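Worksheet for the structure shown next.
The values are calculated or read from the model by the stated rules, or taken from the named source; none is laboratory data. Small disclaimer: the values here were computed from a predicted structure and weren't measured. All Cβ positions, glycine included, derive from the backbone under ideal geometry; neighbour counts span all protein chains shown. All accessible areas refer to the heavy atoms of the entire protein, side chains included, with ligands and DNA or RNA removed. Shrake-Rupley method; radii C 1.70, N 1.55, O 1.52, S 1.80 Å.
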Amino acid sequence: MLATCSLSDLVLVLEAIGAPAYALDLTTGTPRFLAANHRYLHLLGLNGDAVAGKRPAEILPEEMAAKLEQAVRRVAEARDAVELDEEAPLPSGTRQWRSLLSPLADPSGAVARVLATASGAVHRPMAEIGLVASEAKFRGMFEHAPIGVVLCAADGAFLDANDTFLDIVARGRDELEGRTLWSFLPADSTAIEGEQIAQLHATGRAGPFETEYLRGDDTRVAVRVNGIGVGGLDGGERLIWAFVEDVTQRRRSEFQLRASEKRTAAILDTMVDALVAVDQNGRVEGFNKAAEAIFGYTAAEVMGRNVGLLMPEPFGETFGEHLQRYLRTGESDLLGTRREVTGRRKDGALFPLEIGISAVTSEMLGGLERRREARHSFVAIARDITERKRVEAELLAASNEAEAASRAKSEFLANMSHELRTPLNAIIGFSEVIKEQMFGPVGNGRYAAYAADIHASGAHLLAVIGDVLDLSRIETGKFDLEESTFDPAEVAAQAFTMVNRAAEVGAIRLDNRLAGETGHALPRLVADKRAIKQVLINLLSNAVKFTPRGGVVMAEAAVEPGGELSLTVADTGPGIAAERLKTIFDPFQNADSTQARQHGGSGLGLAISKKLVELHGGTLSLRSRLGHGTTVQVRLPARRVAAAR
């Protein structure tokens with residue numbers, strides 16, 4: 001509308017008027033020229049923007065300036081048009097004309113500007129008298145105005161309209177014949193007509209109001225209408241100037257903005273984490289449903305209050321210091337990270353809180369932030385971690401308890417192993433003396449047989465105790481590797497010797513492919529020789545133990561492309577069921593409990609072997625199927641392989 005449009009738009013409107021015209025600004029108390037078209041400047045013999053921002057007394061003769069200011073005051077008080085006879089003395093003679101001063105009201109109803117147009121004859125020097133009011137309808141203004149401009153009779157009947165208005169209502173000029181400004185209102189908005197006509201008669205203006213017009217293409221268009229009643233030219237009937245603006249796009253944008261705000265609010269209110277937004281002074285600006293549940297306050301109770309309300313001291317004061325330091329320097333170790341702090345509920349209860357804070361500037365908000373000065377907000381996402389802390393404490397206590405129990409078990413096993421070894425060594429030693437009859441023959445041969453059984457049982461028990469002690473030392477981290485450089489084929493040969501007797505008894509063929517008779521020399525190893533030997537003995541013993549008569553137990557080695565050394569032990573035994581493979585490396589587990597009872601064994605061999613290999617940085621894997629035997633592979637890393645012989 002002309003009362004609030006920009007100066008550039010106002011100049012365009014004035015230039016579009018086919019008569020001398022100018023506009024005065026009343027907002028500063030003293031009327032001042034805003035702009036004038038070239039016709040008015042020509043009347044005064046001026047050029048360019050010589051009148052902009054000046055008082056009438058700075059442009060016009062004193063008497064004329066006083067008459068103009070008095071007329072402007074009458075327009076502002078009556079909020080109605082006033083006619084004024086104006087004149088300007090020039091060197092070539094005095095020019096005289098009659099102007100129509102029309103009020104331009106802002107949205108509050110106050111007259112903010114006055115539009116003056118020449119509506120009577122301009123008396124020119126040298127008898128150049130002509131009518132300058134022949135274009136009183138301001139045809140040029142109609143055609144160039146950025147909004148719809150309509151001239152109506154007092155009852156709203158159309159007298160004229162510009163092309164912009166015709167585009168808004170999608171109608172031709174001939175379709176305005178016999179219609180009124182109100183005839184485009186839909187049936188559900190007809191009450192507006194009576195209201196606005198009554199307002200026009202009472203105040204001299206209609207609107208501004210927003211409604212919808214029915215377009216010629218049977219669609220609706222949202223419009224904002226502002227009307228001003230003015231006296232008719234030369235004492236004629238009262239006229240209505242109506243300014244119609246298409247606000248469809250603005251409404252669509254507002255609807256989308258409201259929808260977006262509702263979606264955002266819904267998202268924030270369904271978050272499981274608390275969201276607290278604060279301004280640069282630490283005052284709460286946002287508080288979602290989760291925050292209400294966590295802190296016990298309603299949003300209304302905390303909005304506008306300092307966020308320190310939600311934290312005990314010194315956290316509240318420290319938080320404010322962090323914000324101020326960020327505003328001064330742009331740096332803060334609090335922003336952009338998640339940390340644990342203490343929160344305070346409405347009832348004063350303190351609780352553990354995990355919080356992450358981000359800064360939001362006015363630049364990030366773009367068109368949504370309309371403040372002139374840069375502004376910062378801070379958004380905190382907070383989570384009540386009371387339950388998590390409880391679970392963590394329980395897990396820590398359980399872990400500590402389990403570690404203590406494991407240490408106690410390992411220490412107990414180690415102590416018991418040592419305690420049992422001493423008497424066992426005596427039993428084994430003395431039973432061997434009796435068995436071998438070192439001090440002479442025994443009276444009855446059955447005593448020697450019993451002594452042999454005692455010796456064998458003691459040796460077996462000592463081996464089991466040794467395995468338990470080794471496992472205990474490994475689990476407690478007390479097993480230190482004694483590394484040296486050695487030939488793996490030599491160690492393999494010793495391991496085969498250890499199981500050779502058992503293989504002969506079971507009619508099992510041993511195939512040692514590590515000893516060098518295949519023609520391939522193995523590189524030397526840098527490892528704990530005793531540990532590697534124990535691994536091979538355990539694997540070979542298991543293979544011999546569970547392979548039926550006539551079967552084969554084979555061992556081989558190879559250097560892999562990556563430099564690793566693999567040691568493989570395979571047998572033609574019955575294999576292992578798939579369900580037992582998952583626990584085959586657990587201590588005290590046997591592949592087959594029936595065969596374990598038949599052949600004996602503690603079930604520690606594989607567990608100890610795996611841990612010994614892992615201490616060397618290697619891996620131990622097992623493949624097996626029922627009826628197809630078992631293959632165990634040890635892979636030692638390349639760093640354990642020395643130069644070949």
message: Between ALA277, ALA259, ALA291, ALA300, which is exposed (fewer than 12 other Cβ atoms within 10 Å of the Cβ) and within 30 Å of GLU340 (Cβ to Cβ)?
response: ALA300
message: List pairs: first residue in the range 515-540 and under 16 Å from ALA495 (Cβ atoms), second residue of a type in the set (S, T, N, Q) and modelled with pLDDT under 90 anywhere in the structure, Cβ distance under 8 angstrom, at least six positions apart or on different chains.
response: LYS533/GLN494; GLN534/SER609; VAL535/SER609; ASN538/SER609; LEU539/SER609
message: Condition first: among the small types (Gly, Ala, Ser), without any contact (Cβ under 8 Å) to a residue 24 or more places away in the chain and touching a Lys or Arg at 6+ places or on another chain (Cβ under 9 Å). Can you find one or more residues in the range 297-310 that meet it?
response: yes
task: Confirm whether LEU626 is modelled with pLDDT of 85 or more, open to solvent by less than 50 Å² (accessible area, probe 1.4 Å) and on the phi < 0 side of the Ramachandran plot.
output: no
Every pair of residues 6+ apart whose Cβ atoms lie under 8 Å, when the first sits in the range 430-446 and is touching a residue at least 24 places away in the same chain (Cβ under 8 Å) while the second is assigned to a helix (DSSP H, G or I) and open to solvent by less than 70 Å² (accessible area, probe 1.4 Å): SER431/ALA451; SER431/ALA452; SER431/HIS455; SER431/GLY458
task: Would you confirm whether any residue within the range 518-540 is in a loop (DSSP other than H, G, I, E, B), at pLDDT 85 or above and either within 18 Å of LEU604 (Cβ to Cβ) or of a type outside the set (Gly, Ala, Ser) (or both)?
output: no
statement: Given (1) under 20 Å from PHE378 (Cβ atoms); (2) more than 18 Å from the chain's Cα centre (by Cα), VAL276 misses just (2)
message: Out of everything in the range 314-368 that is acidic (Asp, Glu) and closer than 21 Å to GLU285 by Cα, what residue ends up being modelled with the highest pLDDT?
response: GLU354
task: Sort through ALA50, ALA19, ALA57, ALA66 and tell me the only one that's assigned to a loop (DSSP other than H, G, I, E, B) and either among the charged types (D, E, K, R) or open to solvent by 10 Å² or more (accessible area, probe 1.4 Å) (or both).
output: ALA50
message: Looking at the structure I just gave you, is GLU86 surrounded by fewer than 18 Cβ atoms within 10 Å (Cβ to Cβ), at pLDDT 80 or above and more than 28 Å from VAL244 (Cα to Cα)?
response: no
field: Complete set of residues in the range 560-609 that are outside any loop (DSSP other than H, G, I, E, B) and at pLDDT 90 or above
entry: LEU565, SER566, LEU567, THR568, VAL569, ALA570, ASP571
